[in-house]
Amino acid sequence: MSISKLPLRNILRHPGRTTAIAILVAVLSFSLLSGSILVYSLNSGLRSLENRLGADIIVLPDSARSKVNIDNLYLQGTTGYYYMSTAKQEEITKRDGIAAASGQVFLATLRADCCSMPVQVIGFDPETDFTVQPWIAERAKNDLSLNEVVVGSKVSAGVGESLRIYGISCRVAARLDATGTGLDTAVYCTGETMAVLLNAAREMNHELKITTDPSKVVSAVYLRVDPAFSVEDVANDINIHVRKVQAVKTRSVISGVSDSLGGVASTIKALIIGVWALSFLLLAAAFMLLGGERKREYAVLRVIGVSRKRLSGIALKEALFVSVLGGLIGIALSLLIVLNFHSLIEKALALPFLLPSGRNIMLFAVSTLVCVCIAGPLSAMVSALKLSRADTGIILREGV
């Protein structure tokens, strides 16, 4: 039998031993790949949230406090509706330090005919908006017409299909890219379309508590602050001088998310390090025990002329073969779980969660395989060197 085939034959002749070591390596690769994808997805979700908000301050009516948590509105897609007069928006925009302002109108659907979940309808002003249109422009070739909408990535309606909202048939003009936040479940339309939808909702006895013309209300005012002014000072000024509103700094929302994300990411990293340290020690112990069982086998190989270097190479090749096997199993399980259950993971974490692209996932998988293929032989190295240097005569006499 060729010595070069010995590592593979040893693996096949001892399936129990091979399986046990492969499981340890699979745990290594599973923890590393899953943890890496989770941390990357959380960081990507936070960056997406920062880019998509686009405003320094969001001003809401006081009535919003009892209906929705602003963090949930953008992170989890919590539906809500609350209104204030456009006169209040004009009062807000007259305060010092405001470089740009645009109102949005919210409408929560109880049930959309073609959607599997309630959605948040967001109406924006095309003439003043600076938060929604930059993203819509990437997907929609033309401006939105009456009863045309743009949907988030998780709304189950394709481009060109119709989405019925309170009996109004709205044509889907475009779908936005995923953000990993509650914005993925939102539907966007112009203020003109929103006025039609609000009237339709009232006709269907949906209690909106609007006592004026639906075209004269806003749910939130988005503000961009002049660089010469402090965002905190402008927010405080609005809260003090404009009655019955709440000015919220978007940076405070993002900071809160960032702090939560940092805690989750640190926990994941600590778990990865702990799993790797424990698994590496277990692998090293397993190879040492196996080395003790195979002393006579290695001694016989030395007697027939196999060099110490060649003997160490045989042990390391066996470890490499098992590492590749276990690594591939762990990677497959990791991808199966993360890719198929990422929505449940996102919901459980309650944080922005945006999966990496297929290319990046492949890079993570290859990097993980490389890491475990280094870790496996490395943990076997001490045992291999010890066996290769053992006195063959003493070992063979021990069995006499």
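The values are calculated or read from the model by the stated rules, or taken from the named source; none is laboratory data. These numbers were taken from a predicted model, which means no experiment stands behind them. Every residue, glycine among them, receives a Cβ derived from its backbone with ideal geometry; neighbour counts consider all protein chains shown.
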Taking the condition buried (at least 18 other Cβ atoms within 10 Å of the Cβ) and modelled with pLDDT of 90 or more, does A55 pass?
-> no
Please give the number of the condition T267 fails out of (1) more than 32 Å from the chain's Cα centre (by Cα); (2) at pLDDT 75 or above.
-> (1)
All conditions in (1) at pLDDT 75 or above; (2) on the phi > 0 side of the Ramachandran plot are true of G77 except (1)
What number of residues within the range 86-117 satisfy the criterion of being assigned to a loop (DSSP other than H, G, I, E, B), in contact with a Phe, Trp or Tyr (Cβ under 8 Å, 6 or more places away or on another chain) and modelled with pLDDT of 90 or more?
-> 2
Give me a count of the residues in the range 365-398 that are more than 24 Å from K317 (Cα to Cα) and modelled with pLDDT of 75 or more.
-> 0
Restricting attention to the range 240-252, does a residue exist that is assigned to a helix (DSSP H, G or I), modelled with pLDDT of 90 or more and in the same structural domain as G167 (by TED's automatic domain parsing)?
-> yes
Evaluation of L146 against (1) at pLDDT 90 or above; (2) of a type outside the set (S, T, N, Q); (3) within 18 Å of P352 (Cα to Cα) (one fails), failing number = (3)
